[in-house]
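Where a number appears in this text, it was derived from the coordinates with a stated rule and is not lab data. What you are looking at is a predicted structure, and each value in this text was computed from that prediction instead of being measured. Note: ideal-geometry Cβ built from the backbone for every residue, glycine included; neighbour counts use all protein chains shown.
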Amino acid sequence: MSKIRYTQEHEWLLEDDGLVTVGITGFAQAQLGDLVYIQLPEIAKAIAKGQEAAIIESVKAASEIKMPVTGVIIEVNTILNDEPGKVNEDPMGAGWFFKLKMNDPGELDSFMDESAYAAFVKDMD
Amino acid sequence: MKETIYMNTVTEHLAHTPLYKLHMELGARMVPFADYEMPLQYPMGILKEHIHTRSKAGLFDVSHMGQVRLTGENAAVALETLVPVDIVDLDINRQRYALFTNEQGGILDDLMVSNGGDHLFLVVNAACKQQDIAYLRQHLSGQCTIEELSDRALLALQGPEAGAVMARLAPETAKMIFMDTATVTLVGVECFISRSGYTGEDGFEISVPNEQAEALARLLLAQPEVALIGLGARDSLRLEAGLCLYGHDMDTHTTPIEASLSWALSKVRRAGGGRAGGYPGADIIQGQLASGVERKRVGLLAKDRVPVRDGAQILDAHENVVGQVTSGSFGPTLGGPVAMGYVEIAHTQLGTLLHANVRGKAVPIEVAKTPFITLRYYRG
């Protein structure tokens, strides 16, 4: 069974069989605008929650993606090296950033589910 | 993601241009810029807006810029005391790029000057306009009349199809070439237009009374080639065209020579010319023209995909700091990062390999020719 969770920083985390795929939401990509560069983390790197995991740059500015949970990077979406715009086109699908293995799978429970996130975004407008 | 990205709430005291309602209606994302609330982008997005301007025609609201009229017989002679540029012999219905310099040879602002026959028409930067007008009043009052035209908006129509669009609406504009100016009737009202802009493309800037600005913008947007373009793409377009942004690529601490703007210094105002000197900082600027400068502005191309931005240090092969980036972004036409910055003169040869410090990582960059694109001004 897979489950999806959302952070207040507008990342989504899709948990499936112990592996978590991380990306940013449609709301986040719309706010950022066209992405032109993405620096992905190194595979096999252990990163603590809150530490920098990736850097994303729009035409105007750079911002960082912080590690939403503590874990080890298992896979990165290398397509984004050449096609950062994939994040704008398909943020919830082909525009995923990386997959990680969590140290404590329980960490996911603190995040918002689909409906809680929808309400959270609605409040921001 | 950092919270700050979402904190683009605009504060209350910002001014609005006459096109504010239109920007909101067309879904602009508004940001504070030079005390105005201005459109950063529209739903099309910066990359597509940039490409649209390079391939068709983009309409920009630049009403935040200052428009000033100088009248009086001595206006040209008077203005020459503040700029290293030939104003006296500027032909009627012609425009010229100029710079206000200070006593140290630094740049107070850059501006466009056109000769309207019985007056001079100046366009100055939004962020500098109050200071520029005060400066003009301080130095030129008594020699000419200085009027801020705050009752007028300014639109820019830029791109390879701008000429065709303007010719459809005002056929007499077809014979204008780059840096020509004219007074034409659009939406039933007198507009001052120049065939110039800030994108490297053919195009026009149109000064229109505030009351008719929205009607004119809607008329232009009704033309199939035209889309509204925000300040985000305006910045990437001017950067690809190698054009300076005041406050970034030049300021009071850079001289026109250091800024690689020697071309803007008219021959008649240089040493040996008929009206040599006679503007603030002339001795310093003449000295630099004769014996060179220690650093100057150059174009920079990154040999990596990572954008190199304003403020990044420039390093030589031994990791000595030899300069600083003053503008940098992604160039949508080039499909890669483009930048400009100031570099010590020993490292300014085209093709010199340097590094930029981006978040602690040395990104290879190369000193490159500007403009980064082919300019497409209409020269007849």
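The residues neighbouring B:Val306, those whose beta-carbon lies less than 11 Å from its own, together hold a net charge of +3 under the Lys/Arg +1, Asp/Glu -1 convention. Taking every alpha-carbon pair in the protein assembly as shown and binning the separations at 20 Å intervals from zero gives 21, 50, 25, 5, 0 percent.
Let me know the mean shielding of A:34-40 by other chains, meaning the per-residue number of their Cβ atoms within 10 Å of its Cβ. It would help to have the intermediate numbers written out before the result.
Details: counts 11, 2, 13, 7, 2, 5, 0.
Taking all residues of A:34-40 together, the mean is 6.
Comparing B:Ala76, B:Ala174, B:Ala282 in a Gaussian network model of chain B (Cα springs below 10 Å), the most mobile by mean-square fluctuation is B:Ala174. Under 27 Å Cα-Cα from B:Lys175, which lysines qualify once same-chain neighbours fewer than 8 residues away are excluded? Leaving aside lysines fewer than 8 places away in the same chain, those within reach of B:Lys175 are B:Lys56.
What is the order of B:His13, B:His139, fewest Cβ neighbours within 10 Å to most? Display every interim value, and only then the final one.
Details: B:His13 8, B:His139 16.
Ordered from fewest to most neighbouring Cβ atoms within 10 Å, B:His13, B:His139 come out as B:His13, B:His139.
Decide, for chain B, between rounded, prolate and oblate: order the square roots of the alpha carbon gyration tensor eigenvalues as a ≥ b ≥ c, take rounded if a/c falls under 1.5, and otherwise choose prolate if a/b is larger than b/c, else oblate.
Numbers: a/c = 1.64, a/b = 1.09, b/c = 1.50.
It comes out oblate by the Cα gyration axes.
Between B:Gly273, B:Gly200, B:Gly105, the Gaussian network model of chain B with springs among Cα atoms under 10 angstrom shows the greatest mean-square fluctuation at B:Gly273.
Restricting the calculation to alpha carbons of the range B:217-333 gives Rg and Dmax of 18.7, 57 angstrom. The calculated 222 nm mean residue ellipticity attributable to helices in chain B amounts to -5500 deg cm²/dmol, summing -39500 (n - 2.57) over DSSP H runs of n ≥ 4 and dividing by all residues.
For the range B:294-372, the percent of C-alpha pairs falling in each 5 Å distance bin, counted from 0 to the bin holding the largest distance, reads 3, 19, 34, 28, 12, 4, 0. Which of rounded, prolate or oblate describes the range A:3-119 when judged by the alpha-carbon gyration tensor and an a/c cut-off of 1.5? Oblate, since a/c reaches 1.5 and b/c is not below a/b.
Which aspartates and glutamates does A:Lys86 reach when only Cα atoms under 14 Å apart count, and residues fewer than 8 places away in its own chain are ignored? Within the straight-line limit of under 14 Å, A:Lys86 reaches these aspartates and glutamates: A:Asp34, A:Glu57.
Give the range of the longest stretch in chain B that excludes all GluC sites (Glu not before Pro) found in loop regions by DSSP and having at most 11 other beta-carbon atoms within 10 Å.
Working: sites that count: B:Glu12, B:Glu73, B:Glu103, B:Glu294, B:Glu319.
In short, B:104-293.
Taking a ≥ b ≥ c as the square roots of the eigenvalues of the Cα gyration tensor, the range B:5-110 is classed as prolate, since a/c reaches at least 1.5 and a/b is larger than b/c.
For A:Lys122, the lysines whose Cα comes closer than 20 Å to its Cα, not counting residues fewer than 8 places off in the same chain, are B:Lys2. Holding the Cα-Cα limit at 25 Å, pick out from A:Lys45/B:Lys48; A:Lys3/A:Lys99; A:Lys60/B:Lys361 the pairs that are longer than that. Over 25 Å Cα-Cα: A:Lys45/B:Lys48. Of all the options A:Gln51, A:Gln31, A:Gln39, the one that moves most in a Gaussian network model of chain A with Cα springs shorter than 10 angstrom is A:Gln31.
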